[in-house]
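The values are calculated or read from the model by the stated rules, or taken from the named source; none is laboratory data. Only a predicted model underlies this, so the values are computations on that prediction, with no experimental measurement involved. All Cβ positions, glycine included, derive from the backbone under ideal geometry; neighbour counts span all protein chains shown. Accessible surface is based on the protein model in full, side chains and every heavy atom, while ligands, DNA and RNA are left aside. Shrake-Rupley method; radii C 1.70, N 1.55, O 1.52, S 1.80 Å.
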Amino acid sequence: MADTLSDTDFGHSLLVTDLYQLNMLEAYRAAGMEGTAVFEFFARNMPDNRGFYMAAGLEQLVGFLQGARVDPAEIEWLRRTDDFSEQLARFLTEFRFTGHVDAVPEGTIVFADEPIVRITAPVAEAQLVETRLINFMQFQTLVATKAARMKLAAPGKGIVDFGLRRAHSGESGVLAARAAYLAGFDGTASVPAGRHFDIPLYGTMAHAFIQTFSDEVEAFRAFAMARPDQTVFLLDTYDTERAARRLVELAPTLHAQGIKLKGVRIDSGDLAEMAYKVRAILDDGGLGHLNIITSGGLDEYELEKLTAKRAPIDIYGVGTALVTSDDQPSLDCGYKLKAYDGSARRKLAEGKTYWPGATQVYRSLDANGLIAGDHITSADENAPGEPLLKPVLRNGELVEPLPSLMEIRDYAAAQLERLPEGLKRLKGADSYPVTVSPKLQTLAEDLKRNVLAQPVPTA
């Protein structure tokens, strides 16, 4: 399994959590609540600007669960605060995740109310892992979905993650690169993502490099001599067309020294118009093989416009919009108790209710192999179609090795090929049919009736 960033300060720490988790652990232990709980993670809704979600983050979650610990320094801190019991300190010192995990494979297309991950474990274990589970699953799912939409908006084009510097943290930037790559991006500028996940690295130069030289041609020459295998030149520091012409003039000298030019980058202005002009200059100058790379505030909506204009752009570099999922920066999701000690549970709060008990999703395809509808059932039911949740951990151990990132990437590509055209639209996507089994509906109504029938205590 790939490195899961465990070399960060908090990679496997159980204390990367919310205080209410520790409060509940104290109360569970004091009340003798040690039964098995079932929790499920799911998205609550599909906003207008999303026709689907792509699940991602399972590998990091599994790595966390199998390595989750509280180190001696953290235990010492807990004891020093005098806010927690010695019983809790001992529980955390000895913690090992012993539960079961079922989940949809990474790269799976999912929809609202469908379980993405199911945790079945002693209640204290299942409760305590909530914070990090949501960290890993909601963020990478957001970014993978965003990246998949970009790939759909720019068919046949290369797209590269340029977002590390704009991410909200180093960890989020690296995990964003991973999520984007599994969703179909071609590479990343993030060095740690290349190191941790073997994602192909792409990089050019900054305007500052050009500006440090008195002449941009000398900057081009110096860069080519130092990085002969990285010869992508930034053209728009001063005058983009002039820079393209000057690069054409410099090219024979570099070629004579065995240096082959690979491409140019444009980072500002009307990218379609400038790409047409630069393409003409390069083609006329015998540099038709050079790729044109553009960047600068790109998202799927801009990519769709550039595609419509047939802009002669080969590769897009996408940063801020990707790593922040800027038009949907958070996932309205839940990690909710579905059963405890063999009995189904259901929250009834308005706008935040859910289907009770452990659940499963069965997916049907149409005659063309496209996804046609999902059916949510109780986990012990059978239904036509493919069950989406698969066993991942049993008693804390892997059922089978997790797929490689390349295998996940291939699987995600196949998932996107199964999308009907109506779900690919960036705005106003079709609604996807998700039905619920009669058995699950009856269980939900019975639980609601039983809960509301409970007498109100008298003074």
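Any residue that is outside any helix (DSSP H, G or I), of a type in the set (Val, Ile, Thr), surrounded by 13 or more Cβ atoms within 10 Å (Cβ to Cβ) and in contact with a Gly (Cβ under 9 Å, 6 or more places away or on another chain) - is there at least one of those in the stretch 229-236? So far as the stretch 229-236 goes, yes, one or more of its residues are outside any helix (DSSP H, G or I), of a type in the set (Val, Ile, Thr), surrounded by 13 or more Cβ atoms within 10 Å (Cβ to Cβ) and in contact with a Gly (Cβ under 9 Å, 6 or more places away or on another chain). None of GLU304, GLU273, GLU300, GLU216 is open to solvent by 10 Å² or more (accessible area, probe 1.4 Å), in contact with a helix residue (DSSP H, G or I) (Cβ under 8 Å, 6 or more places away or on another chain) and acidic (Asp, Glu) except GLU304.
In the stretch 437-459, the residue that is farthest from PRO155 (Cα to Cα) out of those that are open to solvent by less than 50 Å² (accessible area, probe 1.4 Å) and outside any loop (DSSP other than H, G, I, E, B) is LEU447.
In the stretch 286-305, what residues are of a type outside the set (Asp, Glu) and either under 23 Å from THR145 (Cβ atoms) or not in a loop (DSSP other than H, G, I, E, B) (or both)?
So the first thing to find is which residues in the stretch 286-305 are of a type outside the set (Asp, Glu), and the list is 286-298, 301, 303, 305.
The answer is ASN291, ILE292, ILE293, THR294, SER295, GLY296, GLY297, LEU298, TYR301, LEU303, LYS305.
For the stretch 153-201, a residue qualifies if it is part of a loop (DSSP other than H, G, I, E, B), over 18 Å from ASP299 (Cα atoms) and either open to solvent by less than 10 Å² (accessible area, probe 1.4 Å) or touching a strand residue (DSSP E or B) at 6+ places or on another chain (Cβ under 8 Å) (or both), and the qualifying residues are SER190, ILE199, PRO200.
Of all the residues in the stretch 102-132, those that are touching a Gly at 6+ places or on another chain (Cβ under 7 Å), more than 23 Å from THR353 (Cβ to Cβ) and open to solvent by less than 10 Å² (accessible area, probe 1.4 Å) number 1. Within the stretch 335-345, the set of residues being open to solvent by less than 50 Å² (accessible area, probe 1.4 Å) and at pLDDT below 95 comprises ALA344 only. Against the test of being under 28 Å from LYS305 (Cα atoms) and hydrophobic (A, V, I, L, M, F, W, C), the options ALA379, ALA412, ALA367, ALA383 yield a single qualifying residue, ALA412. Against the conditions (1) open to solvent by less than 40 Å² (accessible area, probe 1.4 Å); (2) out of contact with any Gly (no Cβ under 6 Å at 6 or more places or on another chain); (3) of a type in the set (D, E, K, R), ARG310 satisfies every one except (1). The condition of being touching a residue at least 40 places away in the same chain (Cβ under 8 Å) and open to solvent by 10 Å² or more (accessible area, probe 1.4 Å) holds for only one of THR204, THR141, THR145, THR240, that being THR204. Scanning the stretch 390-431 for residues that are open to solvent by 70 Å² or more (accessible area, probe 1.4 Å) and under 18 Å from the mean Cα position of the chain (by Cα) yields MET406, GLU407, ASP410, TYR411. The set of residues from the stretch 258-270 being of a type in the set (Gly, Ala, Ser), open to solvent by less than 40 Å² (accessible area, probe 1.4 Å) and more than 14 Å from ASP314 (Cβ to Cβ) is empty.
Looking at VAL361, VAL434 in this structure, which one is closer than 30 Å to PHE64 by Cα, among the β-branched types (Val, Ile, Thr) and surrounded by 15 or more Cβ atoms within 10 Å (Cβ to Cβ)?
On the way: VAL434 fails: closer than 30 Å to PHE64 by Cα.
Within the list VAL361, VAL434, the selection yields VAL361.
Taking the stretch 55-107 as the range and being assigned to a loop (DSSP other than H, G, I, E, B), within 15 Å of PRO391 (Cα to Cα) and of a type outside the set (S, T, N, Q) as the test, the residues that pass are GLY99, VAL104, PRO105, GLU106. Restricted to the stretch 306-422, the set of strands (runs of 3 or more DSSP E) holding at least 3 residues that are of a type in the set (Ser, Thr, Tyr) comprises 359-365. Checked against (1) part of a loop (DSSP other than H, G, I, E, B); (2) within 23 Å of THR359 (Cα to Cα), ARG50 passes all but a single condition, namely (2).
Residue-wise test of (1) of a type in the set (A, V, I, L, M, F, W, C); (2) more than 27 Å from PHE39 (Cβ to Cβ).
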residue: ILE371; (1), (2): yes, no
residue: SER378; (1), (2): no, no
residue: ALA383; (1), (2): yes, no
residue: LEU393; (1), (2): yes, no
residue: GLY396; (1), (2): no, no
residue: LYS424; (1), (2): no, yes
residue: ASP430; (1), (2): no, yes
residue: THR435; (1), (2): no, no
residue: LYS439; (1), (2): no, no
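Picking from residues in the stretch 366-385 that are hydrophobic (A, V, I, L, M, F, W, C) and over 25 Å from the mean Cα position of the chain (by Cα), the one that is least open to solvent (accessible area, probe 1.4 Å) is ALA383. Taking first residues from the stretch 60-80 that are closer than 23 Å to ALA176 by Cβ and partners that are part of a helix (DSSP H, G or I) and of a type outside the set (Asp, Glu), the Cβ contacts under 6 Å between residues at least 6 apart in sequence or on separate chains come to GLN60/PHE136; LEU61/LEU133; LEU61/PHE136; PHE64/ARG132.
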